[in-house]
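Here is the structure we will look at, set down as structure tokens.
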Amino acid sequence: MATSPCSSSGVSSSSSSGLGADAGLEIRTRSVEQTLVPLVSQITTLINHKDKPKRSDKTLQAIQRVGQAVNLAVGRFVTVGEAIANENHELKEEMSVACIEARRAGETIAQLTDVANLDHPESDSHITIFTDKTGVVKAARLLLSSVTKVLVLADRIVIKQIITSRNKVLATMEQLEKVSSFQEFVQIFSQFGNEMVEFAHLTGDRQNDLKDEKKKARMAASRAVLEKCTMMLLTASKTCLRHPDCESARINKDGVFHRMRLALEQVIEIVTDSRPNGENEMAPISIYSGIKEFKNKVEGLRENLYFLSKENLSTMLEVILEHTEDFTDSAYTSHEHREHILELSKQAKMELEQLVSVWMQAQNQKTKDLMEDLEVAILKTCQCMNELKREVHNAATSLAADLLKYHTDHMVLKALKITGVEGNLEAVAEYTCKLSEQKEQLVEMCRLLRHVSGTEPLEITCIHAEDTFQVTGPQIISAAETLALHPSSKIAKENLEVFCEAWESQLSDMSLLLREINDVFEGRRGEKRVYLSLPRPGKHNANLKALKPVKLDTEEQAKIAKLGLELHLLTSDVDSETEKWEDQENEIVQHGQGMSSMAYSMYLFTRGEGLLKTTQDLFHQAEIFATEGTKLASALHALSDQVHDDDKPLLLLEAEKLISMCKQLQITAKASAQGKSATFTKVDACILKTRNVMTLLCQLLPLCCKLLRKNKAGNGCLKPAPPWKEDRIRTGTNARTPERRVDTFGIKSLENHVTNMTFLESK
């Protein structure tokens, strides 16, 4: 039985209307989360009506229609849940309880919203949404809790299907291992192929549905192993059947079966969120993540001088420097990179000592001079860590680029194929030694790349690549030895080809992985999207080529650090506001997100990071930012035509403010600046004005969101729920295929009915 994804009923998010949740329930898949969105949204709209002073007949009728529609939609939803319970007896009791709770909550909401025909809906003689304000909140909370539990229970059925499919695959694999004739093998392998296709579909859907990117990457790695090993299992088994007394053929086949079992087990660990024997997964810490955490702690001293100890900070640096020994001890790191890493490690210790000294003084005496010294020490420490990060990145990626280029001709693999067919055991032994050396180089490359990969999913991909080279290398060797012992065997030759193709495929994947790692390092992808609007030679200003690229020095970074930090905080606030919008495709949201990304890249510039390398890059980015702000102002004017007359003046006033501020920013960004001092003044002015625009944006977004909701609620009409289709709740006795069963009794059927709970729409 799968590990239950829910330990209690409740919703893991809360809303302004008090729809709090039981923290014990964790929603792990996007389908469950997205299915709940329309229900949460409309229930929140309903709850918010209870506190509104103006209650027109139109509003009362809308409230009553919402309540009735909720009750009807929940009734249909519960019917599906009960059908699921009847088909899955081990979940019947839990599902039935959740369905009863949901039905009861839906009926309560219908009763409390039955207000359209009452002369005085707020009178105590009738219990309504207006007189029993806590009652409707309790009913809404119970409804969300029970509906969520039904969805999570349905999700457990999907998990059960994956486990059942895995068990079928394992059982057939055991049969394949024991077969002794080709005829029997062909029959069983045909069955095995069909079972693997079903398992691939189920796990592929699950992979796409997972919210956790780390789990998604682990699932992708396991599924890749299973996909490649299926063909290996075919040729390795056939080779073993053709040459039953060949030890190298048996070793080759056993290796494939073992790897497939490990991959199957990992898939189940991911979908059930469990580890064998209760073990906790301990992922090794990379240099990239270590430096990121260390810098966050150091920069936190600006806000709080007492939130951590100097010993804590020193220990963090020690751990990072221990990991750099993976580079300095590696035989494949160049002498130049090794020396630079050692120098920067020494410098990092010195910068931290200086930081700790100033930090301790500032704790005792918080003077202006000491705080300025602390700011400089923070910047120098962070700059040193950035340089160390860049150095290990360059060491790892240059090694990878050189190795991948060197091995693109696959000379060793070609030689193994030729000498194997010739039956030249001595030559095969010579080339297997060379392949082992190549394997060690590639494994070391993967280990070093993991340190600089930048994101957890890419770290997992590096670990998967390392495992693939570790396992595939010996398998190629055993396949080559088998061919050398049986040079006329067509199946042995085919088997070696399959394993060589897997090696070549992994080398090709490494080129893509290297590109992704470089993209993350340069800020082209990763945790925060950065707006790519840098000038290209010959495409923008013709004078750009004549300008000398200028970077900020440490002292200038110290002066501008506070502004940059404020800009960073504002981008977080804007991102938080845009996430609250139901319609992520709204033009206002799109412009707001674009401006936030550009402001974030400008913040990175103040730290000496990101894609904006020179002051000219920054000025160009400021121009593009101002243009985006002007487009947003146009969208605000368009919105003003849709809102009530009372709200229009305020919105137009804010739009005019935005236009004026963006024009000022454009003038500043385009103004010429000669000399270091003038250039820095211009940088300071651009970032200051960008910050002011972002401050206004933080006020505009919630205002627009509020006005849109107000307009939607005031002019709303109910969309009638589509007719119920009885065939959607059939017990599925005629559903022969797994795909049909998933569609009828999985998450998707429930999605359809909860989506029908979207009631209020704009005319």
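The values are calculated or read from the model by the stated rules, or taken from the named source; none is laboratory data. All values reported here derive from a predicted model rather than from experimental measurement. Note: ideal-geometry Cβ built from the backbone for every residue, glycine included; neighbour counts use all protein chains shown. Keep in mind that these areas ignore ligands, DNA and RNA; they rest on the heavy atoms of the full protein, side chains included. Shrake-Rupley method; radii C 1.70, N 1.55, O 1.52, S 1.80 Å.
For the pairs K215/K310; K295/K706; K648/K670; K368/K613; K368/K676; K253/K434, note any where the Cα-Cα span goes beyond 28 Å.
Flagged as over cut-off: K215/K310; K295/K706; K648/K670; K368/K613.
Taking the Cα centre of the range 163-272 as origin, sum charge times position over the Cβ atoms of Lys and Arg (+1) and Asp and Glu (-1), and report the length of that vector in debye to the nearest 20.
Around 240 debye, computed over the range 163-272.
For every other residue with a beta carbon closer than 15 angstrom to the beta carbon of D329, add +1 if it is Lys or Arg and -1 if Asp or Glu, then tell me the sum.
Summing Lys/Arg as +1 and Asp/Glu as -1 gives -4.
Using the Kirkwood formula on the Cα atoms of the range 554-712, what hydrodynamic radius do you get, in angstrom to one decimal?
On the way: mean 1/r = 0.0622 Å⁻¹.
Answer for the range 554-712: a Kirkwood hydrodynamic radius of 16.1 Å.
Where in the range 332-357 is the amide nitrogen less than 20 Å from a point lying 7 Å along the Cα-to-Cβ axis of E387?
Under 20 Å, as judged by backbone N against the label point of E387, lie 334-357 of the range 332-357.
Using the heavy atoms of the protein chains alone and a 1.4 angstrom probe, what is the accessible area of the range 554-712 per residue in square angstrom?
43
Report the label-to-label distance for E504 and L703 in nanometres (one decimal), using points 7 Å from each Cα along the Cα→Cβ vector.
Spacing of the two 7 Å Cα→Cβ label points: 6.3 nm.
What's the ranking of 94-106, 295-307 by average number of surrounding C-beta atoms within 10 Å, highest first?
Highest mean packing first, the order is 94-106, 295-307.
Could you compute the FRET efficiency for D212 and L370, with r as their C-beta to C-beta distance and R0 at 45 Å, rounded to 0.05?
0.55
Would you please calculate the Kirkwood hydrodynamic radius of the range 287-398 over all C-alpha pairs and express it in Å, rounded to one decimal?
Taking the inverse mean of 1/r over all distinct Cα pairs, the range 287-398 comes out at 14.6 Å.
In whole percent, what relative contact order does the range 163-272 give with Cα contacts below 8 Å and a gap of six or more residues?
Numbers: 73 pairs, mean separation 32.3, N = 110.
Relative contact order comes out at 29 percent.
Roughly how many Å² is the accessible area per residue of the range 163-272, as a whole number, for a 1.4 Å probe?
On a per-residue basis, 45 Å².
Residue separation times 0.36 nm, minus the C-alpha to C-alpha distance between K138 and E437: what's the value?
100.9 nm
If packing is taken as the average number of other Cβ atoms within 10 Å across a peptide's residues, how do 165-175, 690-700 rank, most packed first?
Highest-to-lowest ranking by the protection proxy: 690-700, 165-175.
Keeping the other protein chains in place, figure out the carbon and sulfur percent of the accessible area of the range 554-712, with a 1.4 Å probe.
The C+S portion of the solvent-accessible surface of the range 554-712 is 52 percent.
With respect to the cross-link table entries K562/K663; K216/K493; K138/K214; K168/K211, which display a Cα-Cα separation exceeding 31 Å? Could the numbers behind the result be given before it?
Working: K562/K663 24 Å; K216/K493 36 Å; K138/K214 36 Å; K168/K211 27 Å.
Check vs 31 Å cut-off fails for K216/K493; K138/K214.
Kindly state, to the nearest 0.05, the FRET efficiency for L650 paired with L72, given R0 = 30 Å and r defined as their beta-carbon distance.
E(calc), rounded to 0.05, equals 0.15.
With label points built 7 Å along Cα→Cβ from the Cα atoms of E587 and E566, find their separation and express it in nm.
It is 3.2 nm.
Do me a favour and compute the ellipsoid semi-axes for the range 163-272 from its Cα gyration tensor, root of five times each eigenvalue, largest one first, whole Å.
28, 14, 10
Per the 1.4 Å probe, what fraction of the accessible area of the range 237-388, in percent, lies on carbon and sulfur atoms?
Heavy-atom surface of the range 237-388 belonging to carbon and sulfur, 1.4 Å probe: 48 percent.
Using all Cα-Cα distances in the range 411-505, what percent lands in each 5 angstrom bin from 0 up to the longest?
Taking all Cα pairs of the range 411-505, the binned fractions are 3, 15, 23, 20, 14, 10, 7, 5, 3, 1 percent.
Cut-off 16 Å, label point 7 angstrom out along Cα-to-Cβ of S488: give me the residues of the range 412-433 whose amide nitrogen falls inside.
Residues 421-424 fall inside that zone.
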